[in-house]
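K.L.:
Below is one structure. I have some questions about it.
The values are calculated or read from the model by the stated rules, or taken from the named source; none is laboratory data. It should be emphasised that the depicted structure is a prediction, and the values quoted were computed from it without experimental measurement. Glycine gets a Cβ as well: all are built from the backbone with ideal geometry, and neighbour counts include every protein chain shown. Protein only, heavy atoms only, side chains kept; ligands, DNA and RNA dropped before computing areas. Shrake-Rupley method; radii C 1.70, N 1.55, O 1.52, S 1.80 Å.
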Amino acid sequence: MRLGVLDIGSNTVHLLVADARPGGRPLATTSQRTVLRLMRYLSPEGAITEEGVRALEQAVTTAREVAAAEKVEELLATATSAVREALNGAEVIARIEAALGQPLQVLGGETEARFTFLAVRRWFGWSAGQILLFDIGGGSLEIASGADELPDVATSVPLGAGRMTIQFLPEDPPGEDAVEALRRHARAELAAVAGAFGDQPRPEHVVGSSKAIRSLAKLAGYPVSGWSGSPRMLLPRAALGSWIPRLARLPASARQELPGITADRTFQIVAGAVVLHEAMRAMDVDELEVSPWALREGVLLRYIESLSWG
């Protein structure tokens with residue numbers, strides 16, 4: 001059957017269409033994105049403004065039309081931290097559901113981490129053993145660890161790249177003092193989190209799965225041979241750290257000229273780099289590898305599992 005996953009996140013409204021069957025690998029056919037950066041539409045009290053809600057409604061309506069044109073049989077619509085934590089979240093959800101014409105599944109942070117971990121496990125396979133996962137969105141950072149399909153430990157930290165940009169790096173380009181303030185904040189937030197993972201075995205694979213991490217890997221990482229000859233990207237912590245001062249000195253308009261930095265990530269990439277660098281430091285990680293599968297694929301895989309094998 002043809003399935004669609006609509007991910008209403010802090011940065012984008014992203015529709016993924018894939019052909020799927022029980023026991024088979026989902027095959028993506030269409031990917032349609034609308035860049036919103038919802039953090040720009042937050043009022044001082046933490047509500048999504050009317051302008052932001054209307055932008056959401058338009059993006060969702062467009063995604064619904066694309067899904068209909070692609071003959072999607074089942075649309076799985078999810079929302080993450082920006083909608084979940086907004087002061088007027090209940091009203092926003094109701095308006096999104098009206099635009100969609102169906103219910104919306106609002107994911108908690110730990111659930112986001114669990115879905116993403118499932119996707120990463122399926123991508124790397126059982127032979128990958130113990131996995132430690134980092135996923136940076138616009139509103140939150142998810143961390144998970146385990147040796148099975150679902151993690152033994154999963155948590156969500158409010159250190160998303162969009163949230164941290166607005167809170168700590170509003171100037172373009174940000175000054176060194178602002179970057180250092182964000183670094184101290186991230187370090188403090190992650191110190192408590194790292195303790196929850198202290199009993200986990202040393203990971204055999206450390207994986208990053210978000211668009212921000214993929215962008216940073218293209219900038220500061222390097223490719224190596226993967227399974228079946230397909231390349232995979234590795235990102236060393238030292239190389240990432242050396243890029244942070246350079247990124248912070250450039251205005252956003254110049255960052256998109258760098259390898260891997262797309263126009264929708266230019267404003268948030270400095271905060272994403274600082275948060276990832278501090279997360280790797282807190283968890284004693286020297287290098288991570290990038291997974292092309294993340295939350296949307298996890299939602300899709302979980303739904304496929306629920307279908308009858310008959």
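K.L.:
Give me Rg over Rh for the stretch 124-183, both radii from the alpha carbons and Rh done the Kirkwood way, two decimal places.
P.N.:
Details: Rg = 15.6 Å, Rh = 13.3 Å.
Here the Rg-to-Rh quotient is 1.18.
K.L.:
With every protein chain present, what is the per residue accessible area of the chain (1.4 Å probe, Å²)? Let's see the in-between values first.
P.N.:
Numbers: 13300 Å² over 310 residues.
On a per-residue basis, 43 Å².
K.L.:
Relative contact order for the stretch 218-310: what percent, with Cα pairs under 8 Å and sequence separation of 6 or more? Before the final figure, lay out each step's value.
P.N.:
Numbers: 78 pairs, mean separation 27.9, N = 93.
Relative contact order, the stretch 218-310: 30 percent.
K.L.:
Order the peptides 43-52, 152-161 from the highest to the lowest mean number of other Cβ atoms within 10 Å of their residues. Could you put the intermediate results ahead of the total?
P.N.:
Details: 43-52: 13.5, 152-161: 22.0.
Highest-to-lowest ranking by the protection proxy: 152-161, 43-52.
K.L.:
A follow-up question, please. Filter the DSSP H helices in the chain by two things, a Kyte-Doolittle mean of at least 0.0 and an axial alpha-carbon span of 15 angstrom or more, and list the hits by number.
P.N.:
Details: long enough: 50-69 (29 Å, -0.05); 89-100 (16 Å, 1.03); 109-124 (23 Å, -0.20); 176-196 (31 Å, -0.03); 237-249 (19 Å, 0.02); 269-282 (19 Å, 1.31); 295-306 (17 Å, 0.13).
Both cut-offs are met by 89-100, 237-249, 269-282, 295-306.
K.L.:
According to a simple spin-label model (label point 7 Å from Cα along Cα-to-Cβ), what is the distance in nm between residue 54 and residue 254?
P.N.:
Placing both labels 7 Å beyond Cα along the Cβ direction yields 3.6 nm.
K.L.:
Find how many whole Å separate the alpha carbon centroid of the stretch 25-39 from the alpha carbon centroid of the stretch 139-179.
P.N.:
Each part's Cα centre sits 21 Å from the other's.
K.L.:
Can you give me the % of accessible surface on the chain that is carbon or sulfur? Probe 1.4 Å, all protein chains present, nothing else counted. Walk me through the numbers on the way to the answer.
P.N.:
On the way: 6780 of 13300 Å².
Here carbon and sulfur together make up 51 percent of the probe-accessible area.
K.L.:
Still on this model: Of the listed peptides 30-36, 81-87, 140-146, what is their order by residue-averaged count of other C-beta atoms within 10 Å, with the highest listed first?
P.N.:
Numbers: 30-36: 16.3, 81-87: 21.7, 140-146: 26.6.
Sorting 30-36, 81-87, 140-146 by mean packing, highest first, produces 140-146, 81-87, 30-36.
K.L.:
When all C-alpha to C-alpha distances in the chain are sorted into bins of 20 Å, what percent of pairs does each bin hold, rounded to whole numbers?
P.N.:
The distribution over the chain is 34, 60, 6, 0, given as percents.
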